[in-house]
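The structure appears right after this line, and notes come after that.
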Amino acid sequence: MPRRPARTGTRTNRAHDARTSRSGTDLAIATIRRWLVRVPAKEPIVWGSGVRTGVTRLVVELTTNAGVVGWGETICLLDAIPAVLDRAVIPLAIGRPVSDVERFHRHILGAGYYHPKRAAVMAMCAVEMAMWDAWGKVCGQPLYRLWGGEWRARVPLAAYLLQNDPGKLEAATKRYRSRGYGTYKLKIGYDERSDIELTRLVREIIGPDAPLRLDVNGAWTPGTAKRQLERLLVFDPAYVEQPLELDDLDGHARLCASQSVPIALDESAYTLQDVGNIVRARAADVILLDPHEAGGLWPTIKAAAVAESVGIPVTLHSGGELGFSQAAYLHLAASIPNLTLAIDNEIDHLGGDVVTQPFAVDRGTLAVPDGPGLGVSLDRVAVERYEVDDIRGAYLDPGRPGWFPTKPAY
C-alpha cells in the first residue's frame, strides 16, 4: 500500500510545536507589573471589626518570554503586602516558568518574610494566580480542567448581609430573596442582644428552610459562646462561623463536641498547615478557605483535599474579590468536590470592577468561565480610574473616634 505524502501540520509536527512553545525559556516570566486599586462600596459595609467604604486590592500582570500574559489579584489590607510583593515576590518570580507554582510558593516562604500569614501569603497569591492564568492560556484550557475537571458548572453564592441596622438589614434581605438567592450569611458579633434580634429578623424573612450562616468574627468568649449557641438553636443556623478567637482551636473543638450547631472556621484556617491543625484538633465542622490567605490557588486545592479526607465540607471566604479573584474562586468551586456549600461573595456590595466583562449574578449563582486560564481580561481604563497610592484600613470606624475592636469582645 503506497505511503501517504507528508503534510505540514501533522499530529507529529503539532506535538513538536507544542513542546517547543512550552519550553522553560518560553514559559519564563519576563516582566511583572502591578497596580494598587480601591473600588468603592455601594454603601458602607458594617461588621463587628469596623466599617468599610471600599476594597483595596493588588492587581498583577505578568508577561512570559513568549508574550503570554497572565493576570492575578490579591487582598491588600496592610502596607507590608506591597512591600513584600515588590522586594521578594517579584524578584523571585522573574525568570521562573509559569508552570513552576509549587517551587515558587516554597521559595517565597523560605525568603524570610514573617509572619507569612499576614504578608507573604497575600503578596505571593497575586503572582501565583497570574502564573496559573498564563499556564492555562499556554495549555489552551480553563483552569478547572487543569485541576481535575468540571465537577459543577454553576456556583451558588451566599447573600452577604453586612448591616446591623434592622431597617437596612430587612431591606437587604428582602432584596436578595427577590433575586433568587438560596443561602444567606449574616454578620453578628456586635453585642449579645443584637446577635439574637438580627438573626430572628433574617430567619423570619427567608423562611424556615433556607440555609442561614452566622459569622461572629471571634467576638465571643467561651462562656458567651455556650449561651448564645443555645439561644440561637431555635433559628437553625447552617453553621456559626469563628465564634471564638482565631487561635483557640481547643475551645472550638469543645464547641464541636458539646452542642449541635455546626462550627465553621475561617480566620483560624489561613494556611495549609492551619487546616491540618484544625483537622487534627477536630475543631470545625466546616472550613472556609481563601487563596489570598493560603498563598495561592494550589495551596487552597491541597487544603480542600485535607478536609475532604475526613469528610469536612469547605467553602470560600470573601474579602471583596474583584474580577480576577472572582474568576479564580469559580474555577476552584468548579473543580473541588467537597466545596459543596455556597461561596461567600461581596459582588453585590461593590461599585465597580477591573475586568472587561464583570460577572452577572443569575438567581444567586455565577457561571464558571470557560476561556483559557482564568477566562477574564484586564480593563485598563478601569484600573487607571481606581488606582490609588495608599491603603485604607478595614478595622476601624471613622464615625466612632477612639473606638477599636477587641477579640473576644463579650
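The values are calculated or read from the model by the stated rules, or taken from the named source; none is laboratory data. Computed from a predicted structure; not experimentally measured. So basically every Cβ, Gly included, is an ideal-geometry build from the backbone, and we count neighbours across all protein chains shown.
May I ask you to say which residue of 303, 307, 367, 334 is out of contact with any helix residue (DSSP H, G or I) (no Cβ under 6 Å at 6 or more places or on another chain) and crowded, with 16+ Cβ neighbours inside 10 Å? Before you say what the answer is, go through the steps one by one.
On the way: 303 fails: out of contact with any helix residue (DSSP H, G or I) (no Cβ under 6 Å at 6 or more places or on another chain); 367 fails: crowded, with 16+ Cβ neighbours inside 10 Å; 334 fails: out of contact with any helix residue (DSSP H, G or I) (no Cβ under 6 Å at 6 or more places or on another chain).
From the options 303, 307, 367, 334, the qualifying one is 307.
Would you say residue 180 is touching a residue at least 60 places away in the same chain (Cβ under 8 Å), farther than 25 Å from residue 410 by Cβ and in contact with a Ser or Thr (Cβ under 9 Å, 6 or more places away or on another chain)? Walk me through how you get there before you give the answer.
Numbers: touching a residue at least 60 places away in the same chain (Cβ under 8 Å): yes; farther than 25 Å from residue 410 by Cβ: yes; in contact with a Ser or Thr (Cβ under 9 Å, 6 or more places away or on another chain): yes.
Yes.
In this structure, is residue 102 in the same structural domain as residue 34 (by TED's automatic domain parsing), at pLDDT 95 or above, under 21 Å from the mean Cα position of the chain (by Cα) and acidic (Asp, Glu)? Break it down into steps so the answer makes sense when it comes.
On the way: in the same structural domain as residue 34 (by TED's automatic domain parsing): yes; at pLDDT 95 or above: yes; under 21 Å from the mean Cα position of the chain (by Cα): yes; acidic (Asp, Glu): yes.
Yes; evaluated as a whole, the condition is true for this residue.
Just to be sure, is residue 70 in contact with a Leu (Cβ under 6 Å, 6 or more places away or on another chain) and under 22 Å from residue 383 (Cα atoms)? Talk me through it step by step, then tell me what you get.
Numbers: in contact with a Leu (Cβ under 6 Å, 6 or more places away or on another chain): yes; under 22 Å from residue 383 (Cα atoms): yes.
Yes, satisfied.
Tell me which residues, restricted to the stretch 42-75, are surrounded by 18 or more Cβ atoms within 10 Å (Cβ to Cβ), in contact with a Lys or Arg (Cβ under 9 Å, 6 or more places away or on another chain), of a type in the set (A, V, I, L, M, F, W, C) and at pLDDT 95 or above.
Hits for the stretch 42-75 are 55, 58, 59, 60, 62, 68, 75.
Just give me the residues in the stretch 158-180 being crowded, with 19+ Cβ neighbours inside 10 Å and either of a type in the set (S, T, N, Q) or assigned to a loop (DSSP other than H, G, I, E, B) (or both), in sequence order.
Going residue by residue through the stretch 158-180, those that are crowded, with 19+ Cβ neighbours inside 10 Å are 158-164, 169, 172-173, 176.
162, 163, 164, 173, listed by residue number.
Report those helices (runs of 4 or more DSSP H) wholly inside the stretch 17-101 carrying at least 2 residues which are β-branched (Val, Ile, Thr).
Details: elements: 24-27, 80-84, 90-93.
In the stretch 17-101, 80-84 are the helices (runs of 4 or more DSSP H) which contain 2 or more residues that are β-branched (Val, Ile, Thr).
Identify, by number, the condition in (1) out of contact with any helix residue (DSSP H, G or I) (no Cβ under 9 Å at 6 or more places or on another chain); (2) more than 27 Å from residue 371 (Cβ to Cβ) that residue 137 doesn't meet.
All conditions are met except number (2).
Yes/no per residue for (1) within 18 Å of residue 75 (Cα to Cα); (2) among the charged types (D, E, K, R); (3) surrounded by fewer than 22 Cβ atoms within 10 Å (Cβ to Cβ):
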{"site": "257", "(1), (2), (3)": "no, no, yes"}
{"site": "260", "(1), (2), (3)": "no, no, yes"}
{"site": "263", "(1), (2), (3)": "no, no, no"}
{"site": "271", "(1), (2), (3)": "yes, no, yes"}
{"site": "276", "(1), (2), (3)": "no, no, yes"}
{"site": "282", "(1), (2), (3)": "no, yes, yes"}
{"site": "285", "(1), (2), (3)": "no, yes, yes"}
{"site": "288", "(1), (2), (3)": "yes, no, no"}
{"site": "291", "(1), (2), (3)": "yes, no, no"}
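Output the qualifying pairs, or none if there are none: Cβ atoms under 6 angstrom, residues six or more apart or on different chains, first residue in the stretch 183-198 and in contact (Cβ under 8 Å) with a residue 12 or more places away in the chain and under 14 Å from residue 318 (Cβ atoms), second residue among the small types (Gly, Ala, Ser) and part of a strand (DSSP E or B).
183/158; 184/159; 185/158
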